[in-house]
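Read the structure below first, then the notes.
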Amino acid sequence: DQQVKQNSPSLSVQEGRISILNCDYTNSMFDYFLWYKKYPAEGPTFLISISSIKDKNEDGRFTVFLNKSAKHLSLHIVPSQPGDSAVYFCAAANQAGTALIFGKGTTLSVSS
Amino acid sequence: NAGVTQTPKFQVLKTGQSMTLQCAQDMNHEYMSWYRQDPGMGLRLIHYSVGAGITDQGEVPNGYNVSRSTTEDFPLRLLSAAPSQTSVYFCASSYSPWGERSSYNSPLHFGNGTRLTVT
């Protein structure tokens with residue numbers, strides 16, 4: 001059973017608008033979450049993270065929100081740019097702290 | 001800094017052949033891991049290591065072996081390749097594991113992958 005779920009396989013947004021990517025998790029003991037971006041033929045690259053003691057973390061155009069009661073996190077990209085077009089993976093550190101569990105990814109397309 | 005280096009980039013094997021995917025990192029990271037990425041499946045953990053001499057299984061370990069004799073290297077061995085092992089393989093490293101045991105949380109750094117086809 002999937003412990004980290006990204007229920008939207010794809011998202012299309014216009015340049016300059018906000019992109020919101022969503023992620024749900026099932027284990028309330030997870031306490032560290034990360035977002036990765038992946039371009040074709042490259043490895044995933046780290047984007048932003050958040051620990052469970054916070055509900056928001058910002059880094060430039062990227063903000064991650066964590067709602068622990070709903071076991072939900074989201075990544076906001078404002079403003080979206082064509083170069084943001086990629087696959088975005090949500091990940092959570094497992095309870096033992098020994099591995100990252102990844103969602104299946106959401107493909108973001110930003111059109112100019 | 002090269003980061004995480006994977007070789008080869010591409011490989012074609014026949015069923016039953018064995019091979020080793022190489023992974024090296026130059027960041028003095030304690031933690032290393034192998035993932036496979038399949039269409040519609042995301043990234044799934046094969047094996048990981050929290051330090052030299054220590055390895056453990058991930059979500060999909062069957063058909064793969066690993067060893068960690070040095071901090072820098074973490075090779076992945078396919079013992080007898082099967083078509084189901086056709087995938088893109090990513091090696092990744094981190095300063096430390098995560099959670100309460102870690103002094104701080106650190107992201108995984110990934111290599112650029114090895115695309116393996118088994119016919």
Would you call A:Pro44 in contact (Cβ under 8 Å) with a residue 12 or more places away in the chain, exposed (fewer than 13 other Cβ atoms within 10 Å of the Cβ) and not hydroxyl-bearing (Ser, Thr, Tyr)?
-> no
Residues satisfying the stated conditions in the stretch B:10-47, i.e. touching a residue at least 40 places away in the same chain (Cβ under 8 Å), closer than 21 Å to B:Ala82 by Cβ and not in a strand (DSSP E or B) = B:Lys14, B:Thr15, B:Gly16, B:Gln17, B:Ser18
Return yes or no: is A:Glu42 acidic (Asp, Glu) and within 12 Å of chain B (Cβ to nearest Cβ)?
-> yes
For the stretch B:1-35, what are the residues that are of a type in the set (Ser, Thr, Tyr) and either open to solvent by 30 Å² or more (accessible area, probe 1.4 Å) or closer than 14 Å to B:Tyr64 by Cβ (or both)?
-> B:Thr5, B:Thr7, B:Thr15, B:Ser18, B:Thr20, B:Ser33, B:Tyr35
If you check B:Gly63, B:Gly99, B:Gly51, which single one turns out to be more than 17 Å from B:Thr5 (Cβ to Cβ), out of contact with any Lys or Arg (no Cβ under 6 Å at 6 or more places or on another chain), away from every other protein chain (no Cβ under 11 Å) and modelled with pLDDT under 95?
-> B:Gly51
For B:Gly113, which of the numbered conditions (1) open to solvent by less than 20 Å² (accessible area, probe 1.4 Å); (2) in contact with a Ser or Thr (Cβ under 9 Å, 6 or more places away or on another chain); (3) not hydrophobic (A, V, I, L, M, F, W, C) fails to hold?
-> (2)
Would you please name the residue that is modelled with the highest pLDDT, looking only at residues in the stretch A:66-112 that are more than 14 Å from the chain's Cα centre (by Cα) and closer than 30 Å to B:Pro61 by Cβ?
-> A:Ala99
Check B:Val60, B:Val50 and return the single one that is of a type in the set (A, V, I, L, M, F, W, C), under 23 Å from A:Met29 (Cβ atoms) and part of a strand (DSSP E or B).
-> B:Val50
Residues of the stretch A:71-88 satisfying the condition of being in contact (Cβ under 8 Å) with a residue 60 or more places away in the chain and part of a loop (DSSP other than H, G, I, E, B) | A:Val78, A:Pro79, A:Ser80, A:Gln81
Scan the stretch A:76-97 and give yes if some residue there is under 16 Å from B:Ser106 (Cα atoms) and surrounded by fewer than 17 Cβ atoms within 10 Å (Cβ to Cβ), otherwise no.
-> yes
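The values are calculated or read from the model by the stated rules, or taken from the named source; none is laboratory data. What you see is a predicted model, and the numbers here were worked out from it, not measured in a lab. FYI the Cβ positions are ideal-geometry reconstructions off the backbone, even for glycines, and counts take in every protein chain you see. Accessible surface areas use protein heavy atoms only, side chains included; no ligands, DNA or RNA. Shrake-Rupley method; radii C 1.70, N 1.55, O 1.52, S 1.80 Å.
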